[in-house]
Amino acid sequence: MKVLVAYFSASGVTKGAAEQLAVVAGADLHEIKPAQPYTDADLDWTDKQSRSSVEMNDKNSRPAIADKLTNMQDYDVVYVGFPIWWYTAPTIINTFMESYDFKGKTVIPFATSGGSSIKKACEDLKAAYPEVNWKEGKLLNRVSKQELNELRAQSGI
């Protein structure tokens, strides 16, 4: 079984969790990079005109991704990681999900957050992509190796 950990990280927190998860899961690692990198001003959630605020307020927003995987068909299991924005996944995750065929794959979300749970993000992803074989997601803040092993075990991987 071939496993991929794909992640979007705006500040580096999700990247750290993704790197640790890839080691524990024996997975390949892929960063979901926006074609136009986010600046600090873009990420200012208190500014209603910031790029992230505008994207999150537009359900049809699909920020372009810079590096597309050419071998997604090789993977059986894909962990998809992201920071929680406005209680859900950033819209670039929709771009990622719509860029590949996930038929026959198991997809497991994970996230980092300063205070929100992953529950709404998981519900939103399942509703948007009901054909995907989703497994339960987990918040991986300041994650331990034990928690990563638990995530792997609960997903049956």
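Side notes on the structure shown:
- Some residue of the stretch 43-50 being open to solvent by 40 Å² or more (accessible area, probe 1.4 Å), more than 27 Å from Leu151 (Cα to Cα) and touching a residue at least 40 places away in the same chain (Cβ under 8 Å): yes
- Applying the condition of being under 22 Å from Arg51 (Cα atoms) and of a type in the set (S, T, N, Q) to the stretch 80-119 and asking which residue is surrounded by the most Cβ atoms within 10 Å (Cβ to Cβ) yields Thr112.
- If you go through the stretch 120-149 and keep only what is in a helix (DSSP H, G or I), open to solvent by 80 Å² or more (accessible area, probe 1.4 Å) and at pLDDT below 90, you end up with Lys145, Gln146.
- Remark: pairs (first residue in the stretch 51-68, closer than 11 Å to Pro90 by Cα; second residue open to solvent by less than 70 Å² (accessible area, probe 1.4 Å) and small (Gly, Ala, Ser); Cβ separation under 7 Å; 6+ apart in sequence or on different chains) = Glu55/Ser61.
The values are calculated or read from the model by the stated rules, or taken from the named source; none is laboratory data. Please read these numbers as outputs of a predicted model, since none were measured by experiment. Cβ sites come from the backbone with ideal geometry, for glycine too, and all protein chains shown count toward neighbours. Each accessible area value is taken on the protein alone, full model and side chains, heavy atoms only, with ligands, DNA and RNA left out. Shrake-Rupley method; radii C 1.70, N 1.55, O 1.52, S 1.80 Å.
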